[in-house]
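Written out below as structure tokens is the structure these notes cover.
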Amino acid sequence: MRYLLLLFTATVLLAALYLAGLYAFTPYATMRAELEAANQQGWAAIAPLALPRLAHTATRYAVLRGTIGLALVGAIGGLVALGRQRIRREARYLGRDIRLVALALNCFWHRLGRGEQWTAGIVLLLILGVRCWFQTHSAFNPDEAVSCDYFVWPGARVTASFYTLPNNHILYNLIGGTLLRLAPANANPELLLRLPSLLLGFVGMGIAYAMLARLISFRVATFSLGFMELAPETIVYSIGARGYGLQMACVYALFLAVLVLRRGPALHRLAWTVAVAASVAGFYLIPTFIYPFLGLGFGLLAGVVGQPHGKRRAAHGLVGGGAILLVTGLLYLPVGLLSGWSALLANPYVERLTATHFWTYFGPYYLWGTVGVLLGSQLVMVPALLLLISGGLWLIRRWAPAAWWPVAALAWTTTLTPLPLMILQQVFAPPRTLHYVVFFVLLLAILLFEAAVRHVRLTGRLAWLGLGLLLTAYAGYRVPRQADTLVVDRAFRNQALHVDHWLRAQRPRRILTGLNGYNLYLRHLAIVRRQPLLPVRLVGENPATFPSDYFMLMRGRTLPAWVRPSAVLAYEYDQLLIYSPATFADKQGLKTAPGQ
């Protein structure tokens, strides 16, 4: 408990220092101007939904700064009360745990055969190669553009406090913003913003691979992570300039820390340090980390009950979980006081449903739709998933070594725990928020396969061959199809580039559009290329207040009634049409893209 108290105090100190650096020396007038500018710009990114009003006032800003000051003073006072000698002693014990883990991993690596070492290297190179290829060939998508334009470029204070637009993965955007400000002026902003997902996510996955192989078995680690990292959704998140890729690394870290904590007091200092760091980072990336956090937390509590000193260890778990939530609350305090807690807790894209609607579509949405997105063909995967969850754990208990049971039980509980929370929320969570479940399903499946191999005494070579062929077939089927989806993003970007080039040549005074995606993307292209913004305005069905030079529309859609009388086609590229008033079009003539 002493180490948990020290860890909590040190974490609060770091969080308070970070927040003090953002807000302690910034007057309210400056903060208000930055937030209002961000909110005004953010309307176009969420239309036709309305942005809620910002909650900031001079009093709330004073409360924020006062709370940060109290947290800072309290953390410093707590460290002083703990005493320098005790802190040094706990630091030495933590250093010892780190050295023991490093030594264990080194010994494990040298105990592996040459074939297993080559296998690990090939798997890691394959995963890195796939990520790099997709990074090179995929275009920045609209979600990444929104993160870049509305949360990164305005600066760290806005990143940490502006949330009325529900796309802010705060920690990721802070990391990306830091890279942008440290990089040379001619660096590619989109590449820099994607680097944390690509590199930090890969490092986290590699560490998880090594730890999982050491704690369970090399074959289980190889194939569970191999299948996971080659899944289409994982590929997308592992290169995207958003928080999902890094959050998966946090899930890996918390899972491994909970495994160590369930085993007993050995290495508990390092395990708690990893658990706290991974959880706080996961929450600060995306609040939906609550799903894996509760699942793994419940698995920890369930795993220590009945063990020696089980009540004390369960109390440690509750204290540690509470401390994590308190630090998370402190980090989100700028959001709550300046944007408003409702902006954080009520996502307009994911609304609470009526009980009738929720229960009518609960099965089709989660068991059919979500499983299809995350795992593939529903006709195969839905029955397989139901069989795995209902009977797989029992077979693992019977056939597998006793040391594997905690891993299987933890994977099982983490897979199912989100369901009660989603039922309480009565929401249809997007599949990406449950993507981490794929890892635990795969882990259960590979553990069951290994248990079956041992039960029927199948030779190791046949087991390797069977899983290797399955992984090769899976990668050969899913990865090329995921590559096909890149065509859509690239086509959208090429279309936007052509339109941007043509519009800039016309020097328009005002451009109207009902296409929110193009409005966002044209703005993004101007920002990343450091060009003046085009005068594009998003409109609905109502006529514009001021005259415009152009109106953008997708092919096949009907022109609004207030545009139709005088509009003539001035430019077309692929599916995008641009109309202009007749008087202006007569002077310019019909413009088409090359090859049209």
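A few remarks follow.
- Any chance Glu90 is acidic (Asp, Glu) and open to solvent by 60 Å² or more (accessible area, probe 1.4 Å): no
- Residues that are part of a helix (DSSP H, G or I) and over 13 Å from Val258 (Cα atoms) within segment 305-317 comprise Gly310, Lys311, Arg312, Ala315, listed in sequence order.
- Count of segment 524-557 residues which are exposed (fewer than 14 other Cβ atoms within 10 Å of the Cβ) and modelled with pLDDT of 85 or more: 5
- If you check Thr119, Thr164, Thr159 for being polar (S, T, N, Q) and surrounded by fewer than 19 Cβ atoms within 10 Å (Cβ to Cβ), only one passes: Thr119.
- Contact annotation: residue pairs with Cβ atoms under 6 Å, 6 or more positions apart or on different chains, pairing a residue in segment 446-457 that is within 8 Å of Trp399 (Cα to Cα) with a partner that is assigned to a loop (DSSP other than H, G, I, E, B), are Ala451/Ala400.
- Selection status of Tyr571, in a strand (DSSP E or B), touching a helix residue (DSSP H, G or I) at 6+ places or on another chain (Cβ under 9 Å), open to solvent by 20 Å² or more (accessible area, probe 1.4 Å) and at pLDDT 85 or above: no
- Being closer than 26 Å to Ala346 by Cβ, open to solvent by less than 20 Å² (accessible area, probe 1.4 Å), of a type in the set (S, T, N, Q) and assigned to a helix (DSSP H, G or I) is a property that does not hold for Ser224.
- Residue within segment 49-59 that is surrounded by fewer than 16 Cβ atoms within 10 Å (Cβ to Cβ), among the aliphatic types (A, V, I, L, M), on the phi < 0 side of the Ramachandran plot and modelled with pLDDT under 85 present: yes
Yes/no matrix, rows are residues, columns are (1) without any contact (Cβ under 8 Å) to a residue 24 or more places away in the chain; (2) within 30 Å of Leu515 (Cα to Cα); (3) surrounded by 13 or more Cβ atoms within 10 Å (Cβ to Cβ):
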{"site": "Gln85", "(1), (2), (3)": "yes, no, no"}
{"site": "Gly95", "(1), (2), (3)": "yes, no, no"}
{"site": "Ile98", "(1), (2), (3)": "no, no, yes"}
{"site": "Leu103", "(1), (2), (3)": "yes, no, no"}
{"site": "Arg114", "(1), (2), (3)": "yes, no, no"}
{"site": "Arg131", "(1), (2), (3)": "no, no, yes"}
{"site": "Gln135", "(1), (2), (3)": "no, yes, yes"}
{"site": "Phe140", "(1), (2), (3)": "no, yes, yes"}
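So that you can scan it fast, the table gives a plain yes or no per residue for (1) under 18 Å from Val251 (Cβ atoms); (2) under 20 Å from the mean Cα position of the chain (by Cα); (3) without any contact (Cβ under 8 Å) to a residue 60 or more places away in the chain; (4) not in a helix (DSSP H, G or I):
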position: Val274; (1), (2), (3), (4): yes, yes, yes, no
position: Val280; (1), (2), (3), (4): yes, yes, no, no
position: Phe289; (1), (2), (3), (4): yes, yes, yes, no
position: Gly299; (1), (2), (3), (4): yes, no, no, no
position: Leu344; (1), (2), (3), (4): no, yes, no, no
position: Trp359; (1), (2), (3), (4): no, no, yes, no
position: Leu367; (1), (2), (3), (4): no, no, yes, no
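- Cβ-Cβ under 9 Å pairs, at least 6 apart or on other chains, segment 398-426 side outside any helix (DSSP H, G or I) and among the acidic types (Asp, Glu), far side open to solvent by 40 Å² or more (accessible area, probe 1.4 Å) and at pLDDT below 85: none
- Segment 484-511 residues that are more than 15 Å from Leu525 (Cβ to Cβ), paired with ones that are at pLDDT 90 or above and among the hydrophobic types (A, V, I, L, M, F, W, C) (beta carbon under 8 Å, 6 or more apart): Leu486/Phe134
- Residue in segment 385-397 that is of a type in the set (Gly, Ala, Ser), buried (at least 20 other Cβ atoms within 10 Å of the Cβ) and part of a helix (DSSP H, G or I) present: yes
- Taken together, Leu254, Leu294 contain a single residue that is within 30 Å of Asp143 (Cβ to Cβ), crowded, with 22+ Cβ neighbours inside 10 Å and aliphatic (A, V, I, L, M), which is Leu254.
The values are calculated or read from the model by the stated rules, or taken from the named source; none is laboratory data. It should be emphasised that the depicted structure is a prediction, and the values quoted were computed from it without experimental measurement. All Cβ positions, glycine included, derive from the backbone under ideal geometry; neighbour counts span all protein chains shown. Keep in mind that these areas ignore ligands, DNA and RNA; they rest on the heavy atoms of the full protein, side chains included. Shrake-Rupley method; radii C 1.70, N 1.55, O 1.52, S 1.80 Å.
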